[in-house]
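Trainee: Here's a structure for you.
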Amino acid sequence: MVRSTLILALLVVAACGSNGSSSGPCDVVPPDPACQLECDPQPGAPNTCPSGFYCSPDATCYAQCTPTGGQCGDGYTCTYDGHCQMGDPGTGSGSDMCPAVSFTAKPTTPSIALVVDKSGSMFQNNFGAVSRWAAVANALVDPTTGIVTQLQSKAYFGLTTYDCSGNNPRFVRVDRALNNAPPIATTLNAGTDTNSNTPTGPAIRDVTANFAAAPPPADSPPIIVLATDGLPNVCGVRNSDDRAGVIAATTAAYAAGIRVVPLSVAAGNTAEGHLQQVANIGAGVTAGQPDAPLYKANTAADLKTAFDAIIGGAVSCDLTVNGSVTQEQAAEAVVKLNGRTLIFNTEWALIGDRTIRLLGTSCDELKSSATPVVNGTFPCGSVIE
């Protein structure tokens, strides 16, 4: 798997009394090329960044301002290395300086294993004019509307299809990666009916083992999204029932830190009671707690809506920062998405003291943008670690 990183910078500048109206060279679209350079932020390390830039805590070159850009506002000037400083850049120091602060907010990029039932009923029963299998493929990887197509840069998507070859389970896997819609589409669109049984339990165990053998990147939560249209059974055994095997496999997956989210591909089928158990175990629901959501579909449109909710919900609009901000400071902040100023508590909110959450259409824009840029200005007093 080729690992790539979605870079989403939230550059937060401490600017006491600042009323500058323009963005620094790293806060514009596109940013200055120097903002891509790596450096050593450790105390005492030499500044290897170009003139006008300093090394930020996330180990990349950064500048809050330029000497003639007016970014710092009244009473402040821009230093030779791109800091906003109170007064004359040649004399200001110590307590008369507003601390130059920047940090990077990192989005949650989940690792999502799509596990799709390839049993005979998925091809023999239709949603309107298309089979359930084709409807699943369209909902996931349609070139325009497929949810994997739309969000492939926001999650490490992989695929496992499962059926039987004689008396043994058979799996076809596409390893997890960013921008992985094309190989997933190729596999799904090539699927044909083998009139097979439904070895769901072995499929979940296989994917759990694959997560252990090829762990997701750090801070990438693993998720199994299971799409099936019937009760599980055993390969080569007529009228068999393997619900207990699926429950055991789901329990083991959750114990390994993997969330399991089932989707019933045919609402009202006999498997729904069983799949509700899977949903509860896969979400860590304990006795006495409300049931976890069970996603259901009995039309192609329902199926797309369900996948959009499951996968779109897994791709987070929460941005984690390596510092501490109060609600009072957040209320005075200016936060921008792709150059557009967002409204506090309407388009973005502070969750706790170190998580910024984009809301509503701002969240939608974040997910749909190929290279989103989030930046902003906070008042002095923010604590950066």
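Trainee: Mind listing whichever residues of the stretch 299-322 are crowded, with 20+ Cβ neighbours inside 10 Å and over 30 Å from Asn138 (Cβ atoms)?
Mentor: Leu319, Val321
Trainee: Still on this model: Please enumerate the residues belonging to the stretch 339-348 that are under 22 Å from Gly313 (Cβ atoms) and surrounded by fewer than 16 Cβ atoms within 10 Å (Cβ to Cβ).
Mentor: Asn345, Thr346
Trainee: Being modelled with pLDDT of 85 or more and outside any loop (DSSP other than H, G, I, E, B) is the filter here, so list the residues in the stretch 55-80 that pass it.
Mentor: Passing the criteria: Cys55, Thr60, Cys61, Tyr62.
Trainee: Taking the stretch 320-343 on its own, how many of its residues are of a type in the set (A, V, I, L, M, F, W, C), within 22 Å of the chain's Cα centre (by Cα) and at pLDDT below 80?
Mentor: Number satisfying all stated conditions: 1.
Trainee: Scan the stretch 22-30 and give yes if some residue there is modelled with pLDDT under 75, surrounded by fewer than 19 Cβ atoms within 10 Å (Cβ to Cβ) and over 30 Å from Arg173 (Cα atoms), otherwise no.
Mentor: Of the residues in the stretch 22-30, the ones modelled with pLDDT under 75 are 22.
Narrowing the set further to residues that are surrounded by fewer than 19 Cβ atoms within 10 Å (Cβ to Cβ) leaves 22.
Imposing the further condition that a residue be over 30 Å from Arg173 (Cα atoms) reduces the set to 22.
Yes: the stretch 22-30 contains one or more residues that are modelled with pLDDT under 75, surrounded by fewer than 19 Cβ atoms within 10 Å (Cβ to Cβ) and over 30 Å from Arg173 (Cα atoms).
Trainee: Quick one: would you say Pro143 is at pLDDT 95 or above and within 17 Å of Ser121 (Cβ to Cβ)?
Mentor: The answer is no for Pro143.
Trainee: Answer yes or no as to whether Ala266 is over 16 Å from Thr200 (Cβ atoms), buried (at least 19 other Cβ atoms within 10 Å of the Cβ) and either in contact with a Leu (Cβ under 8 Å, 6 or more places away or on another chain) or in contact (Cβ under 8 Å) with a residue 60 or more places away in the chain (or both).
Mentor: no
Trainee: A follow-up question, please. Looking at the stretch 35-78, which of its residues are of a type in the set (A, V, I, L, M) and surrounded by fewer than 16 Cβ atoms within 10 Å (Cβ to Cβ)?
Mentor: Ala45, Ala59
Trainee: Could you check the stretch 344-385 and list, in sequence order, the residues that are assigned to a helix (DSSP H, G or I), modelled with pLDDT under 85 and in contact with a strand residue (DSSP E or B) (Cβ under 8 Å, 6 or more places away or on another chain)?
Mentor: The answer is Leu366, and nothing else.
Trainee: Report, by residue number, each residue of the stretch 280-304 that is on the phi < 0 side of the Ramachandran plot and in a loop (DSSP other than H, G, I, E, B). Explain how you work it out, then say what you get.
Mentor: Filtering the stretch 280-304 for residues on the phi < 0 side of the Ramachandran plot gives 280-283, 285-287, 289-304.
Result: Val285, Thr286, Ala287, Gln289, Pro290, Asp291, Ala292, Pro293, Leu294, Asn298, Thr299.
Trainee: Can you tell me how many residues in the stretch 269-291 are buried (at least 19 other Cβ atoms within 10 Å of the Cβ) and in contact with a strand residue (DSSP E or B) (Cβ under 8 Å, 6 or more places away or on another chain)?
Mentor: Number of matching residues: 6.
Trainee: Scanning for something hydroxyl-bearing (Ser, Thr, Tyr) and either closer than 26 Å to Ala135 by Cα or within 22 Å of the chain's Cα centre (by Cα) (or both), does the stretch 261-273 turn up at least one residue? Please lay out each step first, then the result.
Mentor: Filtering the stretch 261-273 down to residues hydroxyl-bearing (Ser, Thr, Tyr) leaves 264, 270.
With either closer than 26 Å to Ala135 by Cα or within 22 Å of the chain's Cα centre (by Cα) (or both) added as a condition, the list becomes 264, 270.
Looking for residues that are hydroxyl-bearing (Ser, Thr, Tyr) and either closer than 26 Å to Ala135 by Cα or within 22 Å of the chain's Cα centre (by Cα) (or both), one finds at least one in the stretch 261-273, hence yes.
Trainee: Has the stretch 287-302 got any residue that is within 24 Å of Val130 (Cβ to Cβ), without any contact (Cβ under 8 Å) to a residue 40 or more places away in the chain and of a type in the set (Ser, Thr, Tyr)?
Mentor: Within the stretch 287-302, one or more residues are within 24 Å of Val130 (Cβ to Cβ), without any contact (Cβ under 8 Å) to a residue 40 or more places away in the chain and of a type in the set (Ser, Thr, Tyr).
The values are calculated or read from the model by the stated rules, or taken from the named source; none is laboratory data. Note that the structure is predicted; figures quoted are calculated from it, not measured. Every residue, glycine as well, gets a Cβ built from its backbone with ideal geometry; the counts of neighbours run over all protein chains shown.
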